[in-house]
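Working notes, structure below.
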Amino acid sequence: MQARQPVIDQATAAALMTALSDVVAEAGKAVLAIDRHSAKLEDKADGSPLTQADLAADNIIVAGLARLAPQIPVISEERVSAPRQVASGDISSFFLVDPIDGTKEFIAGHDDYTINVALVTGGRPVLGIVSAPALGLLWRGLVGAGAERVTLGPDGRIDAATTAPIHTRPCPQGAWIAAVSRSHLDSRTEAFINRRPGATRKQIGSALKFCRVAEGAADIYPRLSPTSEWDIAAGHAVLEAAGGKITDGRGRPLRFVGDPDSVIIPEFVAWGDPAIAEAS
């Protein structure tokens, strides 16, 4: 049996950030080169679409991770047959990858789809990178060390000179902004928002909702219906690194187990202001 891998410390995770960001930016450049109108290949078993862009991004990211951190297993949405040692508990750290989050948005011609990569250790996302290639932006965060937004250059590469730190904002006393899904808004989430008067709903696709909360452009992102670990792990890390908090509907922290057979997160609320999470 393989020896249990220790929890990855912050310094080790930080050392990966720049190179991982370059890999994600490279994947975004490949996605932008694909014609959206002819990209769809098929519908997967869960009814979600699969496109050439999903596969192109997946190939670049998985190859990059294998080069940079070959000892850490990878679970990608497009490779759900990931190593079972993650699920069995023999390895406590793994990457979660969503090659394109918001494939429906991508096909429909919207620009708010993202590429998500997270490093999970000890059940918690500690490093997250979320790129929005069509918007020319990338967000990244390391829990305990802060988060930042970076502009991508015309060639798709990271423009280091544009790096700007980001932080969540205190929730306003009056009108506040709830980031909501364009495709997955459900009745429980609507009821949650309605119990907190004064909300302006802002429709945003994909993990970009986490990033908007992380940079103070929105205050909360609730989703009280099931989603997958790879959909939210990177955004979870970016938002927490920026000062926010993510809980389940009862205020408890989420735990990411990385079991390819059970990657469902039943519900969550992403809070920009941890003070209102405590009071909810």
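Each residue in the range 32-53 was checked for being closer than 17 Å to ARG79 by Cβ, of a type outside the set (Lys, Arg) and outside any strand (DSSP E or B), and 5 pass.
Annotation for the range 150-164: no member residue is in a helix (DSSP H, G or I), β-branched (Val, Ile, Thr) and outside the structural domain of GLY102 (by TED's automatic domain parsing). Only residues that are closer than 23 Å to ALA57 by Cβ and more than 15 Å from the chain's Cα centre (by Cα) were counted in the range 122-146, giving 3.
Within the range 100-116, the residues that satisfy the criterion of being farther than 13 Å from CYS211 by Cβ, out of contact with any Pro (no Cβ under 9 Å at 6 or more places or on another chain) and outside any helix (DSSP H, G or I) are ILE100, GLY109, HIS110.
Among residues of the range 223-233 being in contact (Cβ under 8 Å) with a residue 40 or more places away in the chain and not polar (S, T, N, Q), the one that is surrounded by the fewest Cβ atoms within 10 Å (Cβ to Cβ) is PRO226. VAL180 meets each of the listed conditions (1) over 18 Å from the mean Cα position of the chain (by Cα); (2) farther than 26 Å from GLY144 by Cβ; (3) crowded, with 16+ Cβ neighbours inside 10 Å apart from (1). Of ILE204, ILE220, all but one fail to be over 21 Å from TYR113 (Cβ atoms), crowded, with 21+ Cβ neighbours inside 10 Å, touching a residue at least 40 places away in the same chain (Cβ under 8 Å) and not aromatic (Phe, Trp, Tyr); the exception is ILE220. The condition of being touching a helix residue (DSSP H, G or I) at 6+ places or on another chain (Cβ under 6 Å) and among the acidic types (Asp, Glu) holds for only one of ASP219, ASP186, ASP259, ASP231, that being ASP259. Flag: GLY272 does not match the condition of being closer than 23 Å to ARG79 by Cβ and small (Gly, Ala, Ser).
The values are calculated or read from the model by the stated rules, or taken from the named source; none is laboratory data. Treat the numbers as computed from the prediction; the structure is a model and nothing was measured. Note that we place each Cβ from the backbone using ideal geometry, even for glycine, and neighbour counts take in every protein chain shown.
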